[in-house]
């Protein structure tokens, strides 16, 4: 390099290079040192790119502990800095410089590079091998940053950088490898896509406070990315989709306070993502668009606490087959659109306390087949507009919906068909369901609480619990249930209810071991007669058996008598007459004292009548002496012969009276026998 060919500025750089001294062309006046205005800098602060390339590619060796390096600030680099396919032997630092053309380090091998605060029309480092750091803090690039396949042994610093991608991509980082941290926060902005597809970051990726905008395509692409130290993207603002499909983060993924905006589309697409250190989309996190975590795996904790998810057109959260090796917390979450957690598996607990979910006339929480090994909590002011779908869910400890409000008028408010809860299920102390509550086939390990609840489904089934299994059911709402309670074929240990809030109860096949409170049969009979299905024998038999187990035979007989009276109303006219006769005489065998009353009444009536009008003998001088009482008793008891009936033969009115006693005796004997047989068979 001939000295006479160099400008004064270039000589200064050349002289400082062997010792690695910095050469500053800054004037100290801010308005004159702005890199954006570097195109107007004159020859006194202009250095040709070819001169810089010659220095960086030279064979200068360290002399007397002086290490050759390029250190310039406030310089204008004219021409194209062409270092492609080269081995750059010396480090370079361009501080607050202006580049006329895009530097090219394509397939270059170099040490540390620093462009801090500089203006560049782009930077090409694809497939470059950088042995130290690549520092681009506070740079302004009006063209794309190309880092495809680059291998950076140190860190990549983009803090405060401003990137613009005229063709839609601001940063090409496919297959990029960063040996330490990737820092692109605190003022980092990108007008165009930031693409880190298949990138590997051995340290931590920082995007705190970043601003990325790309409306036409994905704004931030992290597909198949591997980051050993996690992803920190707190307080970021991203317009366009964030895509992290198949990405793997050993550390946490934290987007607390960030805002993702892609209305009507997916705001975050993270199918099969792995976040071993947990995932936090909470405390001010807002997503305008769907969040997709289908078949992802999150360790420790997945948090949506106090987040806002907005996608009223469909599913605000798409997380079917999600696995959380820890807890899922959604405390204070606000969601417009469905939370879809079908077949998700939470190894710890899931907490939706204080959440507000809105999907009018749709499904607010779709958790069909979800497994929660701990407790599922939807209490503490939980409010859902739309159906809560917990069909076939598996909950290890308990389901707590204390004080929750679920509203889906005209439809199903809570569908927990087939749910299996190892502990108890609490829908009490202010729980409100506007719409049907469905527990068909549910299995509750301990108690099912509706104490202080309000169930409302006028004209429909307010509580539909076919084949429910529970050790204890508290059916004591704070107001009468509006709608039908359907407990057909349910199996309950202890049923604790409140007569003041009874609702029409369908109970064919319902079985229980005990009732609380222990009301007399007269108080329980309206409970049975209000069954919308009409007369069914099993509910009467069940209630009678319950009284009998308690040793209360009187109430048991009362229930069974009521059963026959109710059954009589369903029979044809002739059978009704026969039933009425049995009821009138002996109470279907459950009122045996009536038989004695009728027998005594007829005996007294016949004795008096025959005492006043003694019937003539059949044969004069033969037979026993006439006894009016024994004669009447001989007529009344068809199977007993006292010898009076055969010895005397009344005539006229007395004869008709005798016939009447005989017929009454047969009827009385038949009904007594039928009633006693029926009563004994129930024992």
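When the criteria are applied in full, residue 568 fails the requirement of being modelled with pLDDT of 85 or more and touching a helix residue (DSSP H, G or I) at 6+ places or on another chain (Cβ under 6 Å).
For the stretch 201-218, the count of residues that are under 19 Å from residue 113 (Cβ atoms), modelled with pLDDT of 95 or more and buried (at least 24 other Cβ atoms within 10 Å of the Cβ) is nonzero.
Beta carbons closer than 9 Å, at least 6 apart along the sequence or on distinct chains, never pair a first residue in the stretch 155-168 that is without any contact (Cβ under 8 Å) to a residue 60 or more places away in the chain and not assigned by TED's automatic domain parsing to the domain that holds residue 210 with a second that is crowded, with 22+ Cβ neighbours inside 10 Å and part of a strand (DSSP E or B).
Being in contact with a strand residue (DSSP E or B) (Cβ under 6 Å, 6 or more places away or on another chain), surrounded by fewer than 24 Cβ atoms within 10 Å (Cβ to Cβ) and assigned to a loop (DSSP other than H, G, I, E, B) is a property that residue 186 lacks. The number of residues in the stretch 1-46 being closer than 19 Å to residue 121 by Cα, in contact (Cβ under 8 Å) with a residue 12 or more places away in the chain and in a loop (DSSP other than H, G, I, E, B) comes to 2. Number of residues in the stretch 95-118 that are touching a helix residue (DSSP H, G or I) at 6+ places or on another chain (Cβ under 9 Å), closer than 19 Å to residue 161 by Cβ and surrounded by 23 or more Cβ atoms within 10 Å (Cβ to Cβ) equals 5.
I'd like to know if the stretch 467-490 contains one or more residues that are surrounded by 20 or more Cβ atoms within 10 Å (Cβ to Cβ) and in contact with a helix residue (DSSP H, G or I) (Cβ under 6 Å, 6 or more places away or on another chain). Walk me through it before giving the result.
Pass one, the stretch 467-490, residues surrounded by 20 or more Cβ atoms within 10 Å (Cβ to Cβ): 468, 470, 473-475, 477, 481, 483-488, 490.
Then drop every residue that is not in contact with a helix residue (DSSP H, G or I) (Cβ under 6 Å, 6 or more places away or on another chain), which leaves 477.
Yes: one or more hits.
When residue 88 is tested against (1) without any contact (Cβ under 8 Å) to a residue 40 or more places away in the chain; (2) within 26 Å of residue 196 (Cα to Cα); (3) surrounded by fewer than 21 Cβ atoms within 10 Å (Cβ to Cβ); (4) not assigned by TED's automatic domain parsing to the domain that holds residue 178, exactly one condition is not met: (3).
Working only within the stretch 392-402, note down all residues that are surrounded by fewer than 24 Cβ atoms within 10 Å (Cβ to Cβ) and closer than 17 Å to residue 448 by Cβ. Once the filter is applied, which keeps residues that are surrounded by fewer than 24 Cβ atoms within 10 Å (Cβ to Cβ) and closer than 17 Å to residue 448 by Cβ, the stretch 392-402 yields 394, 396, 397, 398, 402.
Residues being within 17 Å of residue 396 (Cβ to Cβ), surrounded by fewer than 22 Cβ atoms within 10 Å (Cβ to Cβ) and free of Cβ contacts under 8 Å to residues at least 40 places away in the same chain: count how many of those fall in the stretch 349-383.
Filtering the stretch 349-383 down to residues within 17 Å of residue 396 (Cβ to Cβ) leaves 349-352, 367, 369-378.
Now narrow it down to the ones that are surrounded by fewer than 22 Cβ atoms within 10 Å (Cβ to Cβ): 349, 369, 371, 373-375.
Next, from what is left, pick out any that are free of Cβ contacts under 8 Å to residues at least 40 places away in the same chain: 369, 371, 373.
The number of residues fulfilling the criteria is 3.
Criterion applied to 445, 430 was being under 21 Å from residue 393 (Cβ atoms) and either within 23 Å of the chain's Cα centre (by Cα) or not in a strand (DSSP E or B) (or both), and the one residue passing it is 445. Only residues that are buried (at least 20 other Cβ atoms within 10 Å of the Cβ) and not in a strand (DSSP E or B) were counted in the stretch 219-233, giving 5.
The values are calculated or read from the model by the stated rules, or taken from the named source; none is laboratory data. Keep in mind that this is a model prediction, so the values were computed, not measured. Please note: Cβ atoms are built from the backbone with ideal geometry, for glycine as well, and neighbour counts cover all protein chains shown.
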